[in-house]
Structures are given as C-alpha cells and as structure tokens.
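The structure appears right after this line, and notes come after that.
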Amino acid sequence: MNKTLLLAAFAVLLAACGEPRVEVVVPLAVISVSPHDGATGIDRSAAPTVCFNREVDAQTAASSLSLEVEGGAGADGQAVKPAGVSYCLSLEHHELKADTLYVIRLAKGLLAADGTPLAAELTFRYRTAP
C-alpha cells in the first residue's frame, strides 16, 4: 500500500512540475568571412561578406562592423548591407587602395536580433591586388 501511495504522489509531483526545461544561450558567432583571413590579391571593388549563426541586429551592425586600412582610417563610403543570403552582411565601399592591407573589424557592441552579444571582438585581414 505504501508503495502505491508513493508512486501516486510521485506522479502528481511530475504532473505539477511539467517537463524539465533547459535553456541554452548560444552567443552570436561568425561562421564565415569572405575574403578569408590572410587572403591576398583581392579585387579592390570586392565587398567583404560576413556570415553569422543567426540574424544580426541591423542598428548595431551599422556601428560595430567596419572595414579599415591596417593601422589607419576606415574605408571610404562604407555601409553595412544585407548580402542576399540569410544571416550574411556585406561591407559595401568605394574602390579600395591597391596592394593595401585591410582589416574587417567586428566590435564587441555587435548584437544578434534577439540581443545576444558577439562573444569577443574579431578581426580578419586581407590584402588588395596591386
């Protein structure tokens, strides 16, 4: 009898608590960059593209994603735009300087659309064609 009562109490407890739930928060992450880090001979008009593991907040992307000359200022006329592929952004710009090292910078303020931040600042470098 005690065993039956114990099983009934356990069943009521399970029903009251529902199914156990575990919430996993995955940080915003870069899954690909084009041109890749260390690339050389890249066309000066090529727009770098960065793809993420989920949708990025457009407002923070505009202020946290940039293309810069190594050790210098940002590329002229740059703007962050959707790249035509889900979760990818393109860094549009005026023609870049020849044979110059550029840095794609993703600053810490970059957020996913759900508010989850980029885990750490990231940089990717490439060199334009002569």
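The values are calculated or read from the model by the stated rules, or taken from the named source; none is laboratory data. Since the structure is predicted, the reported quantities are computational estimates derived from the model, not experimental observations. In this analysis, Cβ positions are derived from the backbone assuming ideal geometry, glycine residues included, and neighbour counts consider all displayed protein chains.
Answer yes if at least one residue in the stretch 45-68 is closer than 30 Å to GLU23 by Cα, of a type in the set (Phe, Trp, Tyr) and out of contact with any helix residue (DSSP H, G or I) (no Cβ under 9 Å at 6 or more places or on another chain), and no otherwise. Yes, some residue in the stretch 45-68 is closer than 30 Å to GLU23 by Cα, of a type in the set (Phe, Trp, Tyr) and out of contact with any helix residue (DSSP H, G or I) (no Cβ under 9 Å at 6 or more places or on another chain). Cβ-Cβ contacts under 8 Å between residues 6 or more apart (or on different chains), taken from a first residue in the stretch 64-89 that is in contact (Cβ under 8 Å) with a residue 24 or more places away in the chain and under 13 Å from ARG125 (Cα atoms) to a second residue that is assigned to a loop (DSSP other than H, G, I, E, B) and among the basic types (Lys, Arg), are listed as VAL69/LYS97. If the condition is being closer than 18 Å to SER32 by Cα and loosely packed, with under 13 Cβ neighbours inside 10 Å, then the stretch 75-107 contributes GLY84, VAL85, SER86.
Here the stretch 26-50 is the region considered, the condition is being more than 10 Å from PHE124 (Cα to Cα) and among the small types (Gly, Ala, Ser), and the residue that is nearest to the chain's Cα centre (by Cα) is ALA29.
Considering (1) modelled with pLDDT of 95 or more; (2) surrounded by fewer than 17 Cβ atoms within 10 Å (Cβ to Cβ); (3) hydroxyl-bearing (Ser, Thr, Tyr), the lone condition that SER63 does not fulfil carries the number (1). Residues that are charged (D, E, K, R) number at least 2 in the following strands (runs of 3 or more DSSP E) confined to the stretch 53-130: 122-128. Within the stretch 119-130, if we keep just the residues that are hydrophobic (A, V, I, L, M, F, W, C) and within 17 Å of LEU67 (Cβ to Cβ), the residue that is surrounded by the most Cβ atoms within 10 Å (Cβ to Cβ) turns out to be PHE124. Could you please let me know if ALA46 is of a type in the set (A, V, I, L, M, F, W, C) and assigned to a loop (DSSP other than H, G, I, E, B)? For ALA46, the condition - of a type in the set (A, V, I, L, M, F, W, C) and assigned to a loop (DSSP other than H, G, I, E, B) - is met.
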